[in-house]
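Peer 1: Shown below is the structure under consideration.
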Amino acid sequence: MQSQVLEGYRLSPQQKRLWLLQAHSVPARLTCSVRLDGPLDPARLARALDQLVARHEALRTGFERLPGMQLPVQVIAASRRTRAPLIDLRAVADQQAAQAEAERQWAEVTEAEGGLEGALLLRLGGERHELVLALSGLCADVWSVENIVAELAVLYGAEEGEEEPAGEVIQYADFSEWQNKLLELEDKKDERQYWLGQKGKQPAPPTLPWESVSGGPASTLSWTLEEEELAPLRALAEREG
């Protein structure tokens, strides 16, 4: 019997948790919509998107496993060309027809699984566009999506001699391997056992300053109001019911 070999990187602790949570449901996906106002060159944007994917391994990472494996491994593609077709919605007069066309194109470009799963550029009218990106929840979160969009803008501007993106990129597969090795260190065993012991426990509610109980009996304070001071209070009580 021929053995199968699968090369890849271990999942990070966060990816493991999400993989197990979505085991019996639809895989998590983040969809990001970016409004673009002003002159736009779609071909230049597509090149910037390709550069972005080339710089970040997480955007071309899939997840594969062999029979008998509970968890997959991260498999990084050497390259991945991302289609970002342009849909001109100005030519579609009917709103329902425009939505149907956008959904048809979206289904075609989001066939990839893992990393950047799809992209679509909508022309809304004049110099108004909307870029829609789909990313695997195993490869991105809200914070990283914000960084991705910011870097895409830098890459787009770099073609005209504007600021270049930062140099070396910290790849997520390297980061996840560092996390796994850190958790495996022998001198971290007590810390791991502590946090594993916290699973399912509800933390005690905090005691607010005014809730603290003193050791002695409660004290009281009383004073007498004059009739002229009571009259406005009675009027307020009657008015407010």
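The values are calculated or read from the model by the stated rules, or taken from the named source; none is laboratory data. Please read all numbers here as calculations on a predicted model, not as lab measurements. Please note: Cβ atoms are built from the backbone with ideal geometry, for glycine as well, and neighbour counts cover all protein chains shown.
Peer 1: Give P67, P85, P39 a once-over and let me know the one that is within 18 Å of W106 (Cβ to Cβ) and over 21 Å from the mean Cα position of the chain (by Cα).
Peer 2: On the way: P67 fails: within 18 Å of W106 (Cβ to Cβ); P39 fails: within 18 Å of W106 (Cβ to Cβ).
Being within 18 Å of W106 (Cβ to Cβ) and over 21 Å from the mean Cα position of the chain (by Cα) holds for just one of P67, P85, P39, which is P85.
Peer 1: It is to be established whether one or more residues within the range 169-188 are closer than 30 Å to E57 by Cα, modelled with pLDDT under 70 and not β-branched (V, I, T).
Peer 2: Yes - at least one qualifying residue is present in the range 169-188.
Peer 1: For the range 32-40, indicate whether the set of residues that are outside any strand (DSSP E or B), among the charged types (D, E, K, R) and exposed (fewer than 11 other Cβ atoms within 10 Å of the Cβ) is non-empty.
Peer 2: Step one: list which residues in the range 32-40 are outside any strand (DSSP E or B), which gives 38-40.
Imposing the further condition that a residue be among the charged types (D, E, K, R) reduces the set to none.
For the range 32-40, residues outside any strand (DSSP E or B), among the charged types (D, E, K, R) and exposed (fewer than 11 other Cβ atoms within 10 Å of the Cβ): absent.
Peer 1: Follow-up question, since we're still on this one. Could you tell me which residue of the range 155-168 is modelled with the lowest pLDDT, considering only residues that are hydrophobic (A, V, I, L, M, F, W, C) and surrounded by fewer than 16 Cβ atoms within 10 Å (Cβ to Cβ)?
Peer 2: Just the residues of the range 155-168 that are hydrophobic (A, V, I, L, M, F, W, C), to begin with: 155, 158, 166.
Subsequent filtering for residues that are surrounded by fewer than 16 Cβ atoms within 10 Å (Cβ to Cβ) retains 158, 166.
Numbers: A158: 88, A166: 70.
Checked the range 155-168; the qualifying residue modelled with the lowest pLDDT is A166.
Peer 1: Right, next: Of the residues that make up the range 144-154, is at least one acidic (D, E), within 22 Å of A173 (Cβ to Cβ), surrounded by 18 or more Cβ atoms within 10 Å (Cβ to Cβ) and modelled with pLDDT of 90 or more? Break it down into steps so the answer makes sense when it comes.
Peer 2: First pass over the range 144-154, keeping only residues acidic (D, E): 146, 151.
Narrowing the set further to residues that are within 22 Å of A173 (Cβ to Cβ) leaves 146, 151.
Filter once more, keeping what is surrounded by 18 or more Cβ atoms within 10 Å (Cβ to Cβ): 151.
With modelled with pLDDT of 90 or more added as a condition, the list becomes 151.
Scanning the range 144-154, I find at least one residue that is acidic (D, E), within 22 Å of A173 (Cβ to Cβ), surrounded by 18 or more Cβ atoms within 10 Å (Cβ to Cβ) and modelled with pLDDT of 90 or more, so the answer is yes.
Peer 1: Does any residue in the range 65-77 that is closer than 17 Å to A140 by Cα come within less than 6 Å, Cβ to Cβ, of a residue that is among the small types (G, A, S) six or more places away or on a different chain, and which pairs are these?
Peer 2: V73/G8; Q74/G8; Q74/A173; V75/G8; V75/G62
Peer 1: Also, quick follow-up: List the pairs whose first member sits in the range 115-139 and is at negative phi and touching a residue at least 60 places away in the same chain (Cβ under 8 Å), whose second member is charged (D, E, K, R) and outside any strand (DSSP E or B), and whose Cβ atoms are under 9 Å apart, counting only residues at least 6 apart or on separate chains?
Peer 2: Listed by first residue and then by second, the contacts come to L116/R60; L116/R80; E117/E111; A119/R83; S136/E113.
Peer 1: Can you find a residue in the range 71-81 that is outside any strand (DSSP E or B) and among the hydroxyl-bearing types (S, T, Y)? Spell out how you get there, then give the answer.
Peer 2: Just the residues of the range 71-81 that are outside any strand (DSSP E or B), to begin with: 71-72, 77-81.
This time we only want the ones that are among the hydroxyl-bearing types (S, T, Y), so: 79.
Taking every residue of the range 71-81 in turn, at least one turns out to be outside any strand (DSSP E or B) and among the hydroxyl-bearing types (S, T, Y).
Peer 1: Those residues that are closer than 17 Å to L45 by Cβ, under 22 Å from the mean Cα position of the chain (by Cα) and in a loop (DSSP other than H, G, I, E, B), I need them from the range 122-174; list them, please.
Peer 2: Within the range 122-174, P165 is the sole residue that qualifies.
Peer 1: Mind telling me which of the residues A54, A43, A48 ends up being assigned to a helix (DSSP H, G or I), of a type in the set (G, A, S) and touching a residue at least 60 places away in the same chain (Cβ under 8 Å)? Talk me through it step by step, then tell me what you get.
Peer 2: Numbers: A54 fails: touching a residue at least 60 places away in the same chain (Cβ under 8 Å); A43 fails: touching a residue at least 60 places away in the same chain (Cβ under 8 Å).
So the residue among A54, A43, A48 that is assigned to a helix (DSSP H, G or I), of a type in the set (G, A, S) and touching a residue at least 60 places away in the same chain (Cβ under 8 Å) is A48.
Peer 1: Kindly indicate whether any position in the range 58-65 is among the aromatic types (F, W, Y), on the phi < 0 side of the Ramachandran plot, modelled with pLDDT of 90 or more and in contact with a strand residue (DSSP E or B) (Cβ under 9 Å, 6 or more places away or on another chain).
Peer 2: If we filter the range 58-65 for residues that are among the aromatic types (F, W, Y), which is where we start, we get 63.
Narrowing further to those that are on the phi < 0 side of the Ramachandran plot: 63.
Next, only the ones that are modelled with pLDDT of 90 or more stay: 63.
With the extra rule that they be in contact with a strand residue (DSSP E or B) (Cβ under 9 Å, 6 or more places away or on another chain), the set shrinks to 63.
The answer is yes; a qualifying residue exists.
Peer 1: Same structure again: If a residue must be of a type in the set (V, I, T) and either surrounded by fewer than 12 Cβ atoms within 10 Å (Cβ to Cβ) or under 19 Å from L49 (Cα atoms) (or both), how many such residues does the range 81-105 contain? Reasoning before the result, please.
Peer 2: Going through the range 81-105, the residues of a type in the set (V, I, T) turn out to be 82, 87, 92.
Keeping just the survivors that are either surrounded by fewer than 12 Cβ atoms within 10 Å (Cβ to Cβ) or under 19 Å from L49 (Cα atoms) (or both) gives 82, 87.
Of the residues in the range 81-105, 2 are of a type in the set (V, I, T) and either surrounded by fewer than 12 Cβ atoms within 10 Å (Cβ to Cβ) or under 19 Å from L49 (Cα atoms) (or both).
Peer 1: A follow-up question, please. Tally time: how many residues in the range 82-118 are acidic (D, E) and outside any loop (DSSP other than H, G, I, E, B)? If you could, list the steps in order and put the result at the bottom.
Peer 2: Kept after step one, since they are acidic (D, E), are these residues of the range 82-118: 88, 94, 101, 103, 108, 111, 113, 117.
Next cut, outside any loop (DSSP other than H, G, I, E, B) only: 88, 101, 103, 108, 117.
Qualifying residue count, the range 82-118: 5.
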